[in-house]
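See structure below.
The values are calculated or read from the model by the stated rules, or taken from the named source; none is laboratory data. Here the structure is a predicted model, which is why all the values come from computation and not from measurement. All accessible areas refer to the heavy atoms of the entire protein, side chains included, with ligands and DNA or RNA removed. Shrake-Rupley method; radii C 1.70, N 1.55, O 1.52, S 1.80 Å.
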Amino acid sequence: MLFILMSFQAPKTIAATPQALMHTQFNDSVSTSDLPNLLSKQMQALTAQKMNLVQRLQWKILQKKFKKLLPEVKDQKSKDTLSTIALVSGVAGFVLLFLFPLVGFLLLLNAIITGFVARKNNENPKSRKKALIGLILGLVAYALIFVFAIVYAGGFG
């Protein structure tokens, strides 16, 4: 209800579009690929104008629209997804290895492959860390399988 009341009192502004923003001239410190990640305070500093609540909300909506247009942002999402798959596969495979060995074995193999690919193709430290955890879990589990197989084959078990 408060938002509706504020929208009636707010001055009428022209809604910006991502296409118009891409053609806007900024100083050399900002490129168009950095725009979707700018905070509203940073945008206020760039434009030298204070933004009211409605303008900040419009900026957030515009950022979401702008992210859809940039191919680099889409690629980053898929790389983040790949590292998340590596992490989840590593944890689930490690747990399921003791309950359902075949399923755990396949999930660990998936964790190793996706962890390696995500780590190689991603520069984001958070995503690389998730991919590394999945990769390490997969490798450690396979090392344990190898040790248990040798122990079992040697007659120690």
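For the set Thr114, Thr81, solvent exposure ranked by accessible area (probe 1.4 Å, protein chains only) runs largest to smallest as Thr81, Thr114.
Extension gain for Lys126 to Thr81 (0.36 nm times residue separation, less C-alpha to C-alpha distance): 15.0 nm.
Any idea of Val95's accessible area? Nearest 10 Å², probe 1.4 Å. The value for Val95 is about 80 Å².
Rg/Rh for the range 108-157 stands at 1.22; both radii use Cα atoms, and Rh follows the Kirkwood definition. Listed cross-link partners Lys50/Lys120; Lys41/Lys120; Lys64/Lys129 are compared with a 31 Å cut-off, the Cα-Cα value being larger for Lys50/Lys120; Lys41/Lys120.
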